[in-house]
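Shown next, in structure tokens, is the structure this report addresses.
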Amino acid sequence: MIAFRALIRRDLLIAMRMGGGAGVGLVFFLMLVTIMPFAVGPDLVLLARIGPAILWVAALLATLIGLDRLFQADEEDGSLDLLRMAYLPLPLVVLAKVIAHWLMTGLPLALAAPFLGLLLAMEPQALLAVTVTLLVGTPALTLIGATGAALTAGLRRGGLILAILVMPLMIPVLIFGISATSAALGGPLSFHTPFAILCGLGLFALVTGTISASLAFRASDS
Amino acid sequence: MKLSVSGLAVIRSGRSVISHLGFTVNAGEALALTGPNGSGKSTLLRVLAGLLPTSAGTIEWSGGQEDAPLSEEAHYLGHRDALKPSLTPLELLTFWRSLLGRAATDPLTALERVRLGHAAYLPSAYLSAGQRRRLSLARLLVAHRPLWLLDEPTAALDQASETMFGALVADHLTRGGLALIATHAPLPIATRTLSLEGIL
């Protein structure tokens, strides 16, 4: 447990001292959401209706562009070799790194979402629903992406392959995230059903993502 | 404690790098691995560290902690220094101490031991190649692991640091440790030698 916390602490410390890396996703998210009203036109009703989808797609893409850095720095300088020999089981090493990465990239996205939602003329209730679903959905996206990040850690320009590998796996999270948000705005479905499935997907990714990322490291050895 | 390897073979991307390799290292013993570039010294160390799979043969480790795999009983010092430019040597050592388990020397004392005490609070980005190496050596001291796998540890070290390195390894051996050291240069300590040339 001490080792687990030490790893999260180290990653956060490096991210804060280096700057830059963590902000990229957030700025990308901001840009995507701000240009959307210009592209769609000044139809407030339409914007409010597609707002949750815009926020979710932007959050997914912003998560994707930051993912290649998840293990790359540790792979480049040899830290990954030592982490694999650590006292901590490899899936927990993956989990600790994912948590630190999410705190620096996913969490700011979820927290910024309600403010950006205002630009899209979204209702207060929709803002709340998007924030809650993103808080549950972004860690799931990062966990799913961890496997791809582990497979492409050794590649210099693995970003694109990574995106192609993990994007299809992220689609269920996107579907249930958006349907939960739409349900919160009224509709035949209650908010709880799709939201429970979203939480389930997150828990599923927690188990499978950490284990398959560890296996991916071993597979890319030979 | 004893490490015995027999009939070891390693194939990497279809090419046989190590074949029919066998040797034994006992507690308190150091084994120098020599051989030309590409003869499999680094590969052997990575295999023992559990970072590469074997294709045949056995690696037996006896007398260590129960149930601990060899990778948790070994320190690995590779070509890359696992150094984070934005962290200080003290922060790095404190981190590795908690990650590697079985804490030994405290980080500040370890830094003094490798004559880096003055740089403890400086971002590691400012360290020279030799100082980086010494910082990696300090990592071997902060956690207790009986088997040291060192890949050209004396590269970039000056004369005085080489002597210091010899003393570190000698200390480790007198406490019953084991060491495998891949090297091209003569080592500052007495070792048996395993030559990997001719295996190719």
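Values in this text are rule-based calculations from the coordinates and carry no lab data. Since the model is a prediction, treat every value here as computed from it, not as a measurement. Glycine gets a Cβ as well: all are built from the backbone with ideal geometry, and neighbour counts include every protein chain shown.
By the rule of a C-alpha distance below 29 Å, with chain neighbours fewer than 8 residues away ignored, the lysines paired with B:Lys41 are B:Lys2, B:Lys84. Taking the longest Cα principal axis of chain B as reference, the axis of helix B:129-142 is set at about 80 degrees.
When each of the peptides B:68-81, B:3-16 is scored by the mean number of other C-beta atoms lying within 10 Å of its residues, the order from highest to lowest reads B:68-81, B:3-16.
At 10 °C and 1.306 mPa s, grab the translational diffusion coefficient of the stretch A:55-185 from Stokes-Einstein with a Kirkwood Rh over Cα pairs, rounded to a whole number in µm² per second. If you can, show how the numbers build up before the last one.
On the way: Rh = 15.5 Å.
It comes out at roughly 103 µm²/s.
Note: relative contact order over the stretch B:87-200, using C-alpha pairs below 8 Å and six or more positions apart, is 25 percent.
Applying 1/(1 + (r/R0)^6) with R0 = 30 Å to the Cβ-Cβ distance of B:Ser4 and A:Met167, what FRET efficiency is obtained, to the nearest 0.05?
Values: r = 48 Å, r/R0 = 1.60.
For B:Ser4 and A:Met167, the calculated efficiency is 0.05.
Relative contact order for chain B: 30 percent, from Cα pairs under 8 Å spaced at least 6 residues apart, divided by residue count. Of the DSSP H helices in chain A, those with a Cα length along their own long axis of 18 Å or more and a mean Kyte-Doolittle hydropathy reaching 0.5 comprise A:2-18, A:21-40, A:44-67, A:90-104, A:106-119, A:124-151, A:159-184, A:192-219.
Based on alpha carbons, the Rg and Dmax found for the stretch B:135-200 are 12.3, 37 Å. On average over all directions, what projected area in square nanometres does the protein assembly as shown have, based on the convex hull of its Cα atoms? Result: a mean projected hull area of 22.1 nm². Pairwise inverse Cα distances across chain A, averaged and inverted, put the Kirkwood hydrodynamic radius at 17.9 Å.
The alpha carbons of chain B occupy a box of 47, 36, 33 Å along the principal axes, longest dimension given first.
Between A:Leu103 and A:Leu61, the modelled label-to-label distance comes to 2.9 nm, taking each label 7 Å out from Cα in the direction of the beta carbon. Per residue of A:72-85, other chain Cβ atoms within 10 Å of the residue Cβ number 6 on average. The alpha-carbon positions of the stretch B:66-109 define a convex hull whose volume is 86 Å³ per residue. Per-residue ellipticity at 222 nm, computed for the protein assembly as shown from helices alone with -39500 (n - 2.57) per DSSP H run of at least four residues, works out to -19500 deg cm²/dmol.
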